Every structure is written in C-alpha cells, then in structure tokens.
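Please treat every number below as a calculation from the coordinates, not as lab data. Remember, it's a predicted structure, so these values are computed and weren't measured experimentally. Note: ideal-geometry Cβ built from the backbone for every residue, glycine included; neighbour counts use all protein chains shown.
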C-alpha cells in the first residue's frame, strides 16, 4: 500500500477538490439530503453533503438518523444508483419528419456532460463495471452510454457503516473500492480529527492530486501518514464484518436453473406486488422499451427509449398474450436473470449486493431470503 | 476506459436509427397476410442471411420484428411477409406504394442451411412460418446439386391461409417433395387435413443425416421437433426459429430473454438441442 | 400384383407384426377400391370394417346445418381408417369418403374380433398397433384443438359462417414477434 500515492484532505481540502474539478470543467454530482433520503445532486460546496447523516435500512424500511460525528459519507446508499446519469430513464433516439410520402430521420444528439461522481460506493462501482459490459462492450454498443461513460470522473469512497440490507461481501463487490476509479476516499473520524485519505486510481486522478497539492495554501491537504493508512484499512475491514445480509453464491447459477418449478416462486408471488420498484432501484437492471410519440397530424415523430421492467405484463408480450402472465414467473425471471443467467450472458453476477431491492420493496421481499429458502428446499 | 472499436458504425442513437425503404410493390397473400416489396431510398441493398429478421417501423406507430422472406444474395427488392395482427402490422398493412417505412437490421442468426449440404433437407412450416423459411428454400434451390432430397412439410389453418401457392407448385416441379396439410378443410379442399407432424412419418428423407429447419408457433415446433427426433434425427440437426418480444434486435433491451439466451442475438434460429431443456418450462 | 399377405407387412401399420400373425389377419381381408366421391362408410351404419389405405385419399367428415360438410381428418397411403369395429355398439360415427381414386385393404371387423378373442396373444399385438395409431391421432387432434395458427381475432373456421359478425378484438394488441 505504501507504494500507492496518498494524501489526506481535511474538509476544506475536500472543498478544494470540488473546486479543482469544477474549474477543470467537471460538473460534480454527489450526495445530499432531499425529502428524507440521500440522493445525488450537483455539488458546489461541501456544505451540501449529508454531514452527520446516517441511515437505518431494512426490508421495506429506510430512515435517516443523526450520527453525531459530522461524517459526510456516513450513510450507505440511497434509492438512486448512478445509472440514471449515464443511462437516463428517458432518452430520445431519433426524430422523424414526414412530408408527403417522404420521411427524414434525424438521430438524436447525445448529451454527454463531463460528470464527476463524488462518493461512489464499491457496490455501485461494480454496477458501473457491469453496465460497461452490458451496454458498451457489445457487438452493437449503446453509443450514448459509451459517450457519457467516457466523460465520467469517479471519486469512490470506502463504505464505513454498511446498512441492514447490504451484502456486497457475499457478492465480492465491496466494501472497499478496488478498481475503476479516478480517486478513492476513505473518510476517517477519530481522535486525529475528521479527514479523508485520498488515493489515485488513474492518471487523471494523479493530475487532480498534483493540482490539489499546488493549490493548497494551508494544511487542508497533507501527505498521508502511516497511521492514516492503517486507520483507513481498518475502516474497510470493519465494514466487511458488518453486512446486514448475506447470500451463499456457491453453485447459485445451477441451483436456480434446477429450481425453475420450485414452490417458493409461488410463495414470493403471493407477496410480490409486481410494482417494479426493485428493478428501478437496481443499479444493474438495464431493460428498456421504446415509445413512438407523434403529433396529431402524424408529420412529426419521435422515438424514445424508456426504462422498462420485467415485472410488467407487457414486457414479454407476443401477439395474443404475454410469455410471463404470472407474477411467479416474472419474479423468477428477475431473480434468475440477476443471479444466474447473467453469468452466462456477461461472465459475472448481475447482483452487486447493494441491498436496494430489499430496502425499497414495499412488501419487504428479500432476494437473499428467497434464494436461501430455495437452497434449503423450503416451500 | 472504454473506447469505440475502430471503424465501428457509431451514430448517436447507434443501431436504433432505422434506414428508409420505400414500398415498391405489395401482394396480398391471404386475408390477413401480405408481402411488402421494399427498395432502399439510399440505393444500398440490405445484406442478410436466410432466417434473419429486421425491425420494421411504421412511423409514429412503432416497430416490430419481421423475418425477411426474400432470397439472400439475389438482386431485387427486400421482401417482408407480414400478418396483420397488431397496431404496427396494421399500419404496415395500410402502407401505400411509394410510402416509406423504417428498417433496422438485419438481426439474429440464420438457418445456415448449407450445413445440410450432402444430406437431405427437411423444412417444416406452420402457418406464416413458411415466410422465414422461404429464403432458405430458395438458397437450397439455387444450389440444388449440393443437397440430397428436399422436403417441405407445410401446415396451415385453412386452405385459404396457404402462402406462396404458385411457388409451392414451382418448388414441386423443381423436385421438392411438398406435402401440405390444413387443420380445417373446406368443402372444396381435396388435400390433406391433419396436423403437420403427421407428415413427418411419410416424407422421404434419411433421418440419419438430414437437416431439419422448423418454423411456426412454438407449440407446433415442440411437437414437430419431437416427431423428427422420433423418426431418427439428432436434436442438433433440428433447427427452430423462436419467437419472443424483440424491441431492439441487438441484445440491449432485455425483452427477448429466454433464460440465458437473447433470442434476438443468440436466435431466432437455434438448434433444438440448445433449447430442448427450456422449451418445456412454463412461462420461462 | 401382390397378394394381400405379401403386401401387408410393407404397410406401416403392420410393420413389425409377426409374419404368422399377418397371415392370420390376412384371412379376414379383401382388396377394395373407391372412385372419387364414393363413400367407404357413412355415419350411423354398422361398423363391420377396417381399412388399410394403399393409395389415394380418404376424408373423414361430419355434416351439420349451415356448416355443411366438415372434414376432420384425412387418411393417405400408409394410414388406416376406422376404429368403430372395435368398440360396441359397432356403429360409424363419421362419414369416410374417397376424395381421390382410392385403393384399400378392407378387413372384416367381426372376423378380426373373432380371431382376437380366440388368440389373445394376436389380439394384444394387434391392439398395440391400433393403440399406437390412436395415440398419434389423439395427440394430433389435441394439438389441432389449440388452433395454433389462429390469432386473437380468429373464430373457428368451421363455424365462421355463423360467427362472422362477432370478431373478438384484442384492444391492447401489439405485435412484437417476428411473423
């Protein structure tokens, strides 16, 4: 670890980081509290960050709490992943104009702002990596995603206080960011004070650190001491021991493939509302549909791509009816895709263990419990 | 970090933007099925292989996957044989000669009928399933000497629903054993009445080496595949064309997933051996 | 011209039957032929025959008011026609009509029944052949019952003259599968 460059930022140093990024043309998106939840918004000042805010998460339950320590990354994850920024819920694909029998089709311009994402957890970092595979590293990639992804600067943060629905350790996706970031932060709040160990993960990150050193006028940016590194390492290892949930992934793909007719799917179906919340909060769900919108005269047409969910009846519609008319088969599709067929399709699980689908399910359906029941043979 | 592959066609919106094709001619095949003959407005013909489909747009209405029914690698209009069953196909049905439609693609796997070279080829069609098989049949007939016996087993609902009836006679004249059956006969119908699978036992082909291409409703393909295997075909020599809700054609929208398969990418044409374990699972 | 006894083992129905058994059943058989339009049997008549079709085509049909004649199945060379000789009260339930010049081997039902009663081993072998064909016919009939090639707009084509005004439409019908 000593050979990796590291610095310590005090809170004014974090502000300096934001300033440096903004001056380099990055729009900084980071966490803030709105309507009782931590969401991401444009951040200009550290004052907007959720200072001293923690959260309590469980099945169908999310409450903010006062931590009393001023930590700005002391919450876990809110309902939003970062996917809405890179893979918007509505996106214009093209617009068409009809004149007589002639039609002109104009591809939509891609809006790809330079975004610096501040406070990306390891689970969400892995979700981004999964989306890179699913959306960009394909025979025909999602060009808009690719453009936006290339215009993204990532400041990851080590999870210090995992929530009641977290299981990233089971999925091998956290809690310490290990790759694919430009900078990574570990927030330290102890007798030495409130500070952030910052380490680079890319050349772009290195340059930003250089800039920070140059710009620092007082002690807002310090060279990291061995004690800071040790304290930071401890943050991650302690967090790893405090997962609220766990999921046994051993042989999971084959287990789910072999249990397509397990009675547990009927049991889930009796509780599932097919509300689509889990797919909307899931940072890896990528299914979309297209909608044609035209004016009354039919001369102006737009085709929009919109997020869709495998929990709707229409999702699998063929002429005559749906392939999956029952909620049983739709939940099975979602869970089996996420944990099993995703492996065949993309080489990794589609689940990063962020726990959002558990927290935000109004019926408190817990994918770790459902899979656990199938593994143990419960009905 | 991610980079665009060199030379990759990367419009904003990418593969989701249709090309424009003009309706040059139109043929009403049956009461609810018609064939569109389409010419590209930019003059660049669509290259495809038999069995592939395109996403056809009726502007302002939407987009549907339709298999190509014209021969591949042959000059002439792009043909799509469409059944008027929903809002988009209904809009396509009302398209006038000279009108423009959108085409994306072609997408998906093909029949790869050349794998049947040196052996007998059996095509089994149910209903409009004959349309996606037509390019494969025409491919076989263009290279007739490469193949052994060629058999078409074709079942439809009623005699009025038979597609390409003139062509069936032409194929028969070219030495194809064409066996036709209908589910419901009419008083004037003197042909066979019965399920298409009953033709499998009586058709002349060598099951030990034959390649079978099956296209029709999924239940029909299931029973057909079982009957072919019962006659002695290997499950990996039986190919089926699956039907799922396809919205993008490039495996990005997720709708057509069939457990681990993206039917638009991994299919629509798949060896029966590949799907035999999935096809019997309800609502998969 | 081959004798019935020579021909029968080549017919798919009798394939695999012991040659001695073939000789026994051949004793109940005669060659018959029918012109186009001629009836092999009619609904309600005494069912004392069983036909093995050698060439041509036989339509199994039923008639009703307004619907007219409805063909439910056809039998070609290699097929067999008629089960009613096996099931009391031995009456035909459908018409069988030659739609092409048709040649067949006709078996005397009572003769076959007698031989089967006398020789249960022969009876069992014959019943296995019959069951196999009945099984295939039943599966085919059940699959056809699904009306696989129909759409949500379809009505039973046999009854369509009666129902042409009541087309069921599917309001949410979109079409998202290759046709």
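One table, with the values for the structure above:
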{"item": "C-alpha long axis of helix A:327-336 to longest principal axis of chain A, angle in °", "result": "40 degrees"}
{"item": "Cubic angstrom per residue, convex hull over Cα atoms of the range A:89-165", "result": "124 Å³"}
{"item": "Share, in percent, of DSSP beta bridges within the protein assembly as shown that are antiparallel, nearest 5", "result": "75 percent"}
{"item": "Rg/Rg_ref, the range A:1-150, where Rg_ref = 2.2 N^0.38 Å and atoms are Cα", "result": "1.32"}
{"item": "Relative contact order (percent, whole number), chain B, Cα cutoff 8 Å, 6+ residue spacing", "result": "17 percent"}
{"item": "Helix axis angle, A:367-376 relative to chain A longest principal axis, alpha carbon, degrees", "result": "70 degrees"}
{"item": "Part-to-part distance (alpha-carbon centres) for the range C:49-65 and the range A:140-173, which is given in Å", "result": "70 Å"}
{"item": "Peptide A:300-311, shielding by other chains (average Cβ, 10 Å cutoff)", "result": "3"}
{"item": "Per-residue mean of C-beta atoms belonging to partner chains within 10 Å, peptide B:188-201", "result": "6"}
{"item": "Relative contact order, percent, the range B:174-244 [alpha-carbon distance under 8 Å, six or more residues apart]", "result": "28 percent"}
{"item": "As computed over the range B:92-157, the Cα convex hull volume per residue (Å³)", "result": "121 Å³"}
{"item": "Length-normalised contact order for chain A - Cα pairs under 8 Å, 6+ apart - percent", "result": "22 percent"}
{"item": "Measure of compaction for the range B:1-151 (Cα Rg per 2.2 N^0.38 Å)", "result": "1.14"}
{"item": "Computed Rg/Rh of the range A:166-277, alpha carbon atoms with Kirkwood Rh", "result": "1.18"}
{"item": "Along principal axes, Cα extents of the protein assembly as shown, largest first, whole Å", "result": "115, 65, 52"}
{"item": "Cα-based Kirkwood hydrodynamic radius, the range B:113-240, one decimal, Å", "result": "14.4 Å"}
{"item": "R0 of 25 Å, Cβ-Cβ distance residue C:133-residue B:190: FRET efficiency to nearest 0.05", "result": "0.60"}
{"item": "The range A:164-217 - Kirkwood radius from inverse mean 1/r over Cα pairs (Å)", "result": "13.3 Å"}
{"item": "Equivalent ellipsoid dimensions for the range A:1-90 as semi-axes, Å, which come from the Cα gyration tensor, largest first", "result": "24, 19, 14"}
{"item": "Mean Cβ count within 10 Å, highest first, over the residues of peptides B:17-27, A:145-155, C:15-25", "result": "A:145-155, B:17-27, C:15-25"}
{"item": "Spacing of the two label points (7 Å from each Cα toward its C-beta) at residue B:27 and residue A:299, in nm", "result": "3.7 nm"}
{"item": "FRET efficiency, residue C:10 to residue A:266 (Cβ-Cβ, R0 41 Å, nearest 0.05)", "result": "0.15"}
{"item": "Spherically averaged projected area in nm², based on the convex hull that wraps the Cα atoms of the range C:4-146", "result": "8.8 nm²"}
{"item": "Distance in nm between pseudo-label sites at residue A:237 and residue A:222 (7 Å out along the Cβ direction from Cα)", "result": "2.3 nm"}
{"item": "Reference-scaled alpha-carbon Rg (2.2 N^0.38 Å with N residues) for chain B", "result": "1.00"}
{"item": "Cα pair distances in the range A:252-376, grouped into 10 Å bins until the bin that holds the longest one, percent each", "result": "12, 39, 32, 10, 5, 1"}
{"item": "Peptide C:32-44, shielding by other chains (average Cβ, 10 Å cutoff)", "result": "0"}
{"item": "Antiparallel DSSP beta bridges within chain A, percent to nearest 5", "result": "80 percent"}
{"item": "Cα gyration tensor shape of chain A, rounded if a/c is under 1.5, else prolate or oblate by comparing a/b with b/c", "result": "oblate"}
{"item": "Centre separation in Å (Cα based) which lies between the range B:135-153 and the range B:187-219", "result": "16 Å"}
{"item": "Förster radius 22 Å - calculated FRET efficiency between residue C:27 and residue C:121, Cβ distance, rounded to 0.05", "result": "0.85"}
{"item": "Protection proxy ranking, peptides A:176-188, C:38-50, B:224-236, average beta carbon neighbours within 10 Å, highest first", "result": "A:176-188, B:224-236, C:38-50"}
{"item": "Virtual spin-label span in nm between residue A:363 and residue A:190, 7 Å along Cα→Cβ", "result": "4.6 nm"}
{"item": "Principal-axis tilt of helix A:226-240 within chain A, Cα atoms, nearest 10 degrees", "result": "30 degrees"}
{"item": "Histogram of C-alpha separations across the range A:128-221, 10 Å bin width, %", "result": "13, 33, 34, 16, 4, 0"}
{"item": "Whole-angstrom gap from the range A:219-235 to the range A:246-296, using each part's C-alpha centre", "result": "42 Å"}
{"item": "GNM top mover of A:122, A:322, A:341 - chain A, alpha-carbon springs below 10 Å", "result": "A:322"}
